[in-house]
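Here's the structure, in structure tokens; my notes come after.
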Amino acid sequence: MEKIFAVQYTYVAGLGEERDAHRAAHREFLTSLGPAMVAAGAFVDDPSAALLLVRADSDEAVRDLLDGDPFKKQGLIHSTDVHEWSCAVGEQAAVIRGGHS
């Protein structure tokens with residue numbers, strides 16, 4: 001059964017220019033994950049980290065899915081924290097849980 005996982009990327013400090021150089025490939029990769037990629041984006045108040053919501057069967061499946069991220073391949077991610085997440089309420093809750101709006 002697919003679950004939703006909240007993933008926090010923390011980037012390697014001091015490599016902003018390198019991230020900028022690979023950002024298009026990173027976004028293209030995340031987009032290519034299709035319905036598994038629920039949403040993703042950097043924290044506005046902390047550009048050294050980002051949040052991804054990923055649909056998968058397990059923590060291990062999430063990590064396997066994200067292994068192909070160009071940011072990871074280029075050594076730009078310091079850590080990847082994965083937590084199973086429950087979307088209980090909200091305007092888009094049914095959509096996020098895999099239902100219909």
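Here Leu66 fulfils each of the conditions (1) in contact with a Ser or Thr (Cβ under 8 Å, 6 or more places away or on another chain); (2) closer than 22 Å to Ala94 by Cα apart from (2).
So which of Val89, Val62, Val82 is within 16 Å of Ala6 (Cα to Cα), of a type outside the set (D, E, K, R) and in contact with a helix residue (DSSP H, G or I) (Cβ under 8 Å, 6 or more places away or on another chain)? When all the criteria are applied, what remains is Val82. Screening Ser32 with (1) polar (S, T, N, Q); (2) touching a strand residue (DSSP E or B) at 6+ places or on another chain (Cβ under 9 Å); (3) without any contact (Cβ under 8 Å) to a residue 24 or more places away in the chain gives one miss only, at (2).
The set of residues in region 44-63 being without any contact (Cβ under 8 Å) to a residue 24 or more places away in the chain and under 12 Å from the mean Cα position of the chain (by Cα) consists of Arg63 alone. Going through (1) in contact with a Leu (Cβ under 9 Å, 6 or more places away or on another chain); (2) closer than 19 Å to Asp81 by Cβ; (3) in contact (Cβ under 8 Å) with a residue 24 or more places away in the chain one by one, Glu18 falls short only on (2). Is region 40-48 home to any residue that is of a type in the set (Gly, Ala, Ser), touching a Phe, Trp or Tyr at 6+ places or on another chain (Cβ under 8 Å) and over 20 Å from Glu2 (Cα atoms)? Yes - at least one qualifying residue is present in region 40-48.
Only the coordinates and a few stated rules stand behind these numbers; no lab work does. Remember, it's a predicted structure, so these values are computed and weren't measured experimentally. Don't worry about glycine lacking a Cβ; one is built from the backbone with ideal geometry, like all the others, and counts go over all protein chains shown.
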